[in-house]
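Below you'll find the structure, written out as structure tokens, and then a few comments.
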Amino acid sequence: MRSRRVTALMVALAVIGMLRILWLHFVSEPRNEPRRAPIDVRYAALRAVVSSGEAGYVSDLPAAVHLGEDAATLGTRMYLHVQFAVAPVVLRYDDARAPLVIVNLHDPSRLPDLMDQRSLELVAQIAAGLAVARPR
Amino acid sequence: MSILALLLSGAGLVAAGMRDRASNGIERGFRAALAIALGTGAWAASYAAWGMAFGTPGAAKDVVLALAGATALAAFRHRVPAPAPAQGREPAPRWLYALFASACAVAAAAFVEHTVRFPDGGWDAWMIWNLRARFLARAADLHSAFSPAMAFLAHQDYPWLLPGAVAQAFSTFGESRMVPAAIAALFGALAVAVVTLGVARAHGARWGLLGGLAVVTLPCFATFASNQQSDVPLAVYFAIAAALMTSARSRIELALAGFSAGLGMWTKNEGVLYAACLGIAWIWRTRDLRGALAFAAGALPCAALLAWFKLGLAPPNDLAEFSTRATILENALDWRRWAELLVLTARRVVYFQDFGFWVLAGVLLLWFLRKRPFSVLGTALFLACAAYGPIYALQPHRLDWIFRTSADRILTQLWPVAVLATMPALARTTART
């Protein structure tokens, strides 16, 4: 008898779990969570210009590289997306003196200012707000 | 050749570790799941060992692995007869099979939906695991994958069983997003299979299916499986080690359990903790030192591989790098940090979004069964949970942030073993009434 009760209880928990899974994946997420574009769509073309070794990385948004910094920011995501796309190139964060520097901007209109501030000259424009540069 | 090496090495390991003949379909299914999981792990671990010793592995590595597996299969083909099946194994009603199949279909649909919505996997997949796989598959020099010049969030010190498997599959099938997704699906299916069949072989199909339901309907399970991270693979190796330990009839089976725990160590840093907890719990509950030695001997190859990697290639772990004696002492003496940890943990127990009511039910059951002596697995889980207290409290990051980003994945790693630990107690309790 108790075996049946335990079975019924576990089945009830399982049905609740299934309903929660169905709600999250087929009702809530389609409404609230936009489908992500693959990371390579924006960044894969970088590999033709920066294919090996190390490269610098600069951006208009900061990434979390020290203890206590928020790792979930857009700037961190942008840096890590580029690292994922260009592997096996090792990205040196905020290094504008490397032979090649990837410039990745949230606001593409800031490209001339940032190139000027960091003494960089354009090597290749990959997409809006995404460029490869080198030190002047 | 890669797939042959994977299957033969897995089958060889199971043949060497489980010398009796499989007595029924459930046992054959359990051993097949073990062979695939252990073969995948051996295939990935040998890739790492070969890479660190000789450079980029070619076909020779897989030939050696396949030959070793075939030799073990040939050497242990004469099986001893299986012992009589355990008494009191309950069959399952048909409707329970139907419910289990429905639950698996729901989880599979959720897996597909989540994979389509997040084509590069969860955040940690592209930040750590598939990033490392790309380095391994694309770079001529192994060292660049672990370069300290990258930001610490790439966690270059993490062991690389999953990246090793994905990198090899990239080399075989091409660098498609389907590759890590397929490997994630394999480990998700193995987690459900190991628990379902592991419980069913000891207590019958009813309890096996209920155990499988507890895993596959945990709301965050399908999400974590599709995230292409190492949590579900670690759960698989921890669960195999746990299942083998509780049913071991010989020291060689304990060595196989140790090998699986070792693969867990090579999957994620937490695997070291879980292997240690299993070993300590075994000694604590059985006083069988020789059995513990057999377990440790099984874990030794991957423990040595991990030590080789940590001492030779890996940069320091961020928890160690950012900690000083002063911060550790300060955190240890900060009672608010411990209180915050208690509150965060209590709130997580009732976190319906990720756990439904499963974890709450587990805690209530623990209260109900509190006067019973802990089993080996119960003790191992208790030790692991107890260890996470000081780990959380003393680590250098903000407590709420690190708890929020890690508690669910730790639960996912532990949950299959929690189910393996719970089902025998439930089966025994109900059998007496």
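The values are calculated or read from the model by the stated rules, or taken from the named source; none is laboratory data. All values derive from a computational prediction rather than experimental measurement. Methodologically, a virtual Cβ is constructed for each residue, glycine included, from the backbone with ideal geometry; neighbour enumeration extends over all protein chains shown.
Data overview
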quantity: Residue within segment B:61-68 that is more than 27 Å from B:LEU234 (Cβ to Cβ) and either in a helix (DSSP H, G or I) or touching a helix residue (DSSP H, G or I) at 6+ places or on another chain (Cβ under 8 Å) (or both) present; calculated: yes
quantity: Only one of B:ALA185, B:ALA191 that is crowded, with 21+ Cβ neighbours inside 10 Å and more than 14 Å from every other protein chain (Cβ to nearest Cβ); calculated: B:ALA191
quantity: Condition met for B:ALA139 (small (Gly, Ala, Ser), more than 8 Å from every other protein chain (Cβ to nearest Cβ) and more than 30 Å from A:MET10 (Cα to Cα)); calculated: no
quantity: Selection count where residues are over 10 Å from the mean Cα position of the chain (by Cα), within 17 Å of A:LEU130 (Cβ to Cβ) and more than 7 Å from chain B (Cβ to nearest Cβ), scope segment A:57-93; calculated: 7
quantity: Residues being under 18 Å from B:VAL236 (Cβ atoms) and in contact with an Asp or Glu (Cβ under 7 Å, 6 or more places away or on another chain) - total across segment B:171-218; calculated: 1
quantity: Count - residues of segment B:146-168 that are at the interface with another protein chain (Cβ under 9 Å from one of its Cβ atoms) and assigned to a loop (DSSP other than H, G, I, E, B); calculated: 4
quantity: Residue match in segment B:195-207 (condition: over 16 Å from the mean Cα position of the chain (by Cα) and free of Cβ contacts under 8 Å to residues at least 60 places away in the same chain); calculated: no
quantity: Single unsatisfied condition, B:ALA105 versus (1) crowded, with 21+ Cβ neighbours inside 10 Å; (2) without any contact (Cβ under 8 Å) to a residue 40 or more places away in the chain; (3) within 14 Å of chain A (Cβ to nearest Cβ); calculated: (1)
quantity: Qualifying residues in segment B:13-63 (those that are free of Cβ contacts under 8 Å to residues at least 12 places away in the same chain and aliphatic (A, V, I, L, M)) - the one surrounded by the most Cβ atoms within 10 Å (Cβ to Cβ); calculated: B:ALA32
quantity: B:ILE3 vs. criteria modelled with pLDDT of 90 or more and either touching a helix residue (DSSP H, G or I) at 6+ places or on another chain (Cβ under 7 Å) or in a helix (DSSP H, G or I) (or both); calculated: no
quantity: Boolean, B:ARG28 is basic (Lys, Arg) and in a helix (DSSP H, G or I); calculated: yes
quantity: Pairs, first in contact (Cβ under 8 Å) with a residue 60 or more places away in the chain in segment B:255-283, second β-branched (Val, Ile, Thr) and buried (at least 24 other Cβ atoms within 10 Å of the Cβ), C-beta under 6 Å, six or more apart; calculated: B:SER260/B:ILE240
quantity: Counted residues, segment A:89-134 - those being farther than 23 Å from A:HIS66 by Cα and touching an Asp or Glu at 6+ places or on another chain (Cβ under 8 Å); calculated: 6
quantity: Residue check, B:LEU197 away from every other protein chain (no Cβ under 12 Å), among the aliphatic types (A, V, I, L, M), crowded, with 24+ Cβ neighbours inside 10 Å and in a helix (DSSP H, G or I); calculated: yes
quantity: Count of residues meeting criterion [part of a helix (DSSP H, G or I) and under 21 Å from B:ASN331 (Cβ atoms)] in segment B:355-412; calculated: 21
quantity: Subset of segment B:343-371 [within 18 Å of B:PHE382 (Cα to Cα), surrounded by 15 or more Cβ atoms within 10 Å (Cβ to Cβ) and aromatic (Phe, Trp, Tyr)]; calculated: B:TRP358
quantity: Single condition A:ARG36 does not satisfy, out of (1) closer than 28 Å to B:THR217 by Cα; (2) touching a Phe, Trp or Tyr at 6+ places or on another chain (Cβ under 6 Å); (3) more than 7 Å from chain B (Cβ to nearest Cβ); calculated: (3)
quantity: Residues satisfying the stated conditions in segment A:93-130, i.e. touching a helix residue (DSSP H, G or I) at 6+ places or on another chain (Cβ under 9 Å) and of a type in the set (Asp, Glu); calculated: A:GLU121
